[in-house]
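The values are calculated or read from the model by the stated rules, or taken from the named source; none is laboratory data. No experiment lies behind these values; they were computed from the predicted model shown. Cβ: placed from backbone, ideal geometry, glycine included. Neighbour counts: every protein chain shown. Keep in mind that these areas ignore ligands, DNA and RNA; they rest on the heavy atoms of the full protein, side chains included. Shrake-Rupley method; radii C 1.70, N 1.55, O 1.52, S 1.80 Å.
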Amino acid sequence: MSSAREDILDAVRRARGREPLDARTRATLDARIATPVRHLRPDFDEDLTARFIRKLESRSGTVARVADRAQIPVAVETFRSAHGLAPRAAVGAGLKDLDWPADWTILYNRAGIEETLSVTPAFAAIAETGTLMLLASPDSPTTHNFVPDNQVVVLETARILRHFEDGWTSLRERTGGMPRAVNLVSGPSRTADIEQTIQLGAHGPRRLHVLLVD
């Protein structure tokens with residue numbers, strides 16, 4: 001744990017007047033984390049991929065399917081061209097191995113205000129709600145989820161999980177520990193604050209396009 005994070009948590013403990021946990025309490029909490037209570041979950045027989053697509057598209061997201069990772073740059077170029085975007089993108093480092101178009105300007109870093117397109121991999125997706133699980137890391141910077149008007153998310157179909165809780169279970173099993181942030185995205189950014197009229201792009205991308213890699 002970083003010293004800054006430990007300092008913050010220590011300040012919270014002192015403010016609450018709580019001393020360090022004794023061994024018995026710590027063991028109880030560790031056991032609870034290791035074997036979380038399984039709550040009631042909705043039952044459905046629908047294919048996981050079909051349900052994820054249906055749920056995401058119901059919230060104005062779009063989906064395209066590709067056979068393998070090598071086809072990702074072509075699919076992104078199709079999306080870019082269809083919407084008349086400049087040939088440049090902020091791309092997560094997790095996709096750095098792909099053969100991107102030579103005439104593109106690619107930034108393998110966080111997305112600044114000048115970027116109109118981001119391309120980033122998803123850790124997982126939840127079929128139950130049509131939700132993407134995006135982790136903050138160099139492979140998937142959080143700014144990609146909020147700054148550009150257009151976001152393309154790369155998702156392997158094998159990473160579509162059944163229930164919301166399954167995503168957190170998978171995250172606990174992930175090597176490298178918990179990320180700094182987890183963003184759960186179920187479609188383009190939207191609001192109805194203005195005269196109860198849906199407006200896309202209020203707090204993030206106005207277009208969310210998912211590339212499913214079979």
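Worth a mention:
- VAL147 sits with roughly 60 Å² accessible to a 1.4 Å probe, with DNA, RNA and ligands left out of the calculation.
- Under 5 Å, built H, 5+ apart or other chain: amide partners of VAL91: LEU107, TYR108, ASN109, VAL119
- Scanning residues 5 or more positions from SER137 or on other chains, those with amide H under 5 Å from its amide H are THR142, with H placed 1.01 Å from N in the peptide plane.
- Apportionment of accessible area to carbon and sulfur, the chain, percent (1.4 Å): 52 percent
- Positive-end ranking of LEU135, TYR108, THR120 along the dipole of the chain, with charges on Cβ about the Cα centre, is headed by LEU135.
- Evaluated with a Cβ-only charge set (Lys, Arg +1; Asp, Glu -1), the chain carries a dipole of roughly 640 debye about its Cα centre, given to the nearest 20.
- Using alpha-carbon coordinates, inclination of helix 23-34 to the longest axis of the chain, degrees: 30 degrees
- Between the helical axis of 48-57 and the longest alpha-carbon principal axis of the chain there is an angle of about 70 degrees.
- Average accessible area per residue (Å²) across the chain - probe 1.4 Å, nucleic acids and ligands excluded: 59 Å²
- Beta bridges per DSSP, both residues in the chain: antiparallel share near 30 percent.
- Fluctuation leader among ARG159, ARG51, ARG14 - the chain, Gaussian network, Cα springs under 10 angstrom: ARG14
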